[in-house]
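Note sheet for the following structure.
Throughout, read-outs are computed from the coordinates displayed, never taken from laboratory work. Owing to the predicted nature of the structure, the values given are computational and were not obtained by experimental measurement.
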Amino acid sequence: MVKMKILIKNGRLIDPANKIDDQIDILVDNGIVSQVTNNIDEALASGEDDTIIDASGLYVCPGFIDLRVHFREPGYEHKETIRSGSRAAARGGFTTVCTMPKTKPAMDSEERIREAIEKAKEVTDINVLPVGAITASDEGQYITDFAGMKEAGAVAVCEDGNSIMDARIARQALKQAAEVDIPVFAHCEDRNLMARGVMNAGERAKQLGLYGILDAVEETMVARDILLAKDTKAKLHICHLSTKTAVDMVKQAKDLGLNVTAEVTPQHLILTEDDVDGSDANYKSAPPFRKKEDRDALIKGLRLGIIDVIASDHSPHHYSEKAEGFVESPFGLSMLETSISLVMTELVQKGLLTPVQMVDRMSVRPAKIIGLDRGNLKAGKVADITIIDPKASYVIDSNMFASKGKNTPFEGKKVNGKVLYTIVNGRIIYSNKDGNEIIIDKDILRD
């Protein structure tokens with residue numbers, strides 16, 4: 001039980017769920033938002049274990065939520081563990097993360113979902129919410145027990161890193177998901193069309209002598225899954241969009257009134273195929289970085305609300321794996337610790353997204369998609385809070401990452417917007433005050 005109080009004074013409270021964007025104080029008492037008003041008396045947080053945070057000039061936001069991260073445990077602990085991934089989340093300002101099921105063994109049963117939740121509770125206060133595998137062992141053949149996994153705590157189901165290539169099985173999965181009322185996270189990628197592709201199929205791939213990934217690799221599966229969602233009335237969430245046509249398809253689905261949502265990653269909002277360095281496998285991403293017109297369509301779609309969510313798709317890998325070269329190395333970037341700063345720098349501070357829209361896409365809407373009572377700092381709500389200094393700048397240094405994965409193409413990039421506090425259930429689990437970073441693990445906390 002959290003017994004301390006936290007008083008956050010003089011900050012700019014950005015709380016889209018309650019239509020607040022103003023300088024307002026917040027008092028947290030026993031893990032719950034107690035008061036949200038002006039001029040809260042500091043005497044209310046004067047106990048020995050209480051904390052007063054002067055948030056002058058800072059953004060105070062409902063805790064950020066990442067719908068797509070890979071924590072790799074069990075089976076691939078050399079890449080990431082629940083502990084190291086949760087530390088990365090805390091450092092990155094995320095209070096809740098949804099972990100993908102591509103582990104070994106896969107998260108494909110009620111038992112494994114419960115084991116993952118219990119393990120997370122042992123090592124972190126971060127809300128670690130598993131996503132269950134759609135098929136046994138994530139192999140695309142035998143549909144798992146969605147009801148059992150939901151009962152155990154899974155917030156969605158996903159065939160992580162793959163599309164189910166058999167349309168009949170995909171339809172059965174969406175039909176069962178609709179019956180159980182659990183969202184389906186769709187990784188839209190036609191593996192047959194993808195073949196040996198490693199980057200976008202375009203002029204840059206030709207220059208580098210690399211096999212390309214066609215737009216159709218994504219778009220054929222987006223179209224199929226939207227049609228199947230229409231047929232089954234399932235809740236479909238399309239992961240990491242990368243092409244203009246895919247954005248157009250999502251808009252059409254929404255115009256038809258379908259229960260379809262979508263996400264985009266910070267990296268796909270920033271990078272294009274022209275940025276890809278063929279000698280640096282940290283640029284190897286699935287989906288790949290596309291053309292400038294695709295990137296611009298993603299930004300426009302996000303701004304207009306066609307794309308609902310920004311999700312990191314945090315995919316850490318061991319340095320030796322990324323050292324194998326562009327062709328042989330695995331896809332993916334380590335993104336949890338830089339997502340907020342990159343969005344602040346490349347979107348908010350360039351006027352492409354407002355601070356309110358950023359919080360909406362990284363806290364409010366993610367919570368709604370998975371039916372989570374977060375993303376809201378109204379009195380009486382759980383105190384998950386992210387505090388950001390929008391003017392603080394720093395240079396991205398992967399050596400400072402809490403994640404085991406140092407695989408970032410943004411190494412050495414100067415960014416603005418630094419996370420200063422991550423508060424989960426009324427506990428300060430990360431702070432960066434005057435350059436002194438502290439990450440607090442669950443097993444050293446005491447009531």
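Taken one residue at a time, the phi angles of the range 116-133 give Karplus couplings (6.51, -1.76, 1.60, θ = phi - 60°) of 5, 5, 5, 4, 4, 5, 6, 10, 8, 8, 4, 6, 9, 10, x, 10, x, 6 Hz. Gly and Pro are set to x. Restricting to bridges with both residues inside the chain, how much of the DSSP beta-bridge set is antiparallel, in percent to the nearest 5? Antiparallel bridges: around 55 percent, rounded to the nearest 5. Taking a ≥ b ≥ c as the square roots of the eigenvalues of the Cα gyration tensor, the range 195-274 is classed as prolate, since a/c reaches at least 1.5 and a/b is larger than b/c. Spatially, the range 1-72 and the range 332-361 are offset by 21 Å when compared through their Cα centroids.
For Asp190, the residues whose amide H sits under 5 Å from its own are Glu218, Met221, ignoring neighbours fewer than 5 places away on the same chain, with H placed 1.01 Å from N.
The spread of Cα positions in the range 62-369, taken along each principal axis and listed from longest to shortest, comes to 49, 42, 40 Å. Close amide-amide hydrogen proximity is noted between Thr135 and Gly140, Thr144, each under 5 Å apart and 5 or more residues distant or on a separate chain (H modeled in the peptide plane; Pro and chain starts excluded). Once amide H atoms are placed 1.01 Å from N in the peptide plane, what residues at a sequence separation of 5 or more from Ile307, or on another chain, have their amide H within under 5 Å of its amide H? Amide H neighbours of Ile307, under 5 Å, 5+ apart: Leu302. Calculated [222 nm] ellipticity per residue, helices only, for the chain: -7500 deg cm²/dmol; basis is -39500 (n - 2.57) per DSSP H run with n ≥ 4, divided by all residues, nearest 500. 3J(HN,Hα) along the range 239-247, derived from phi through the Karplus expression 6.51 cos²θ - 1.76 cosθ + 1.60 where θ = phi - 60°, amounts to 7, 5, 4, 9, 10, 4, 4, 5, 4 Hz, with x in place of Gly and Pro. By the equivalent-ellipsoid construction on the alpha carbon gyration tensor, the range 286-361 comes out with semi-axes of 27, 15, 10 Å, ordered largest to smallest. Across the range 26-41, coupling constants 3J(HN,Hα) worked out from phi with the 6.51/-1.76/1.60 Karplus curve, θ = phi - 60°, read 10, 10, 10, 9, 6, x, 10, 5, 9, 9, 9, 6, 7, 6, 5, 5 Hz, and Gly and Pro carry x.
Normalised Debye scattering of the range 1-124 at q = 0.19 Å⁻¹ gives log10 I(q)/I(0) of -1.01, counting only Cα atoms as equal scatterers and leaving out solvent.
Normalised by residue number, the volume inside the convex hull of the Cα atoms of the range 343-400 is 127 Å³ per residue.
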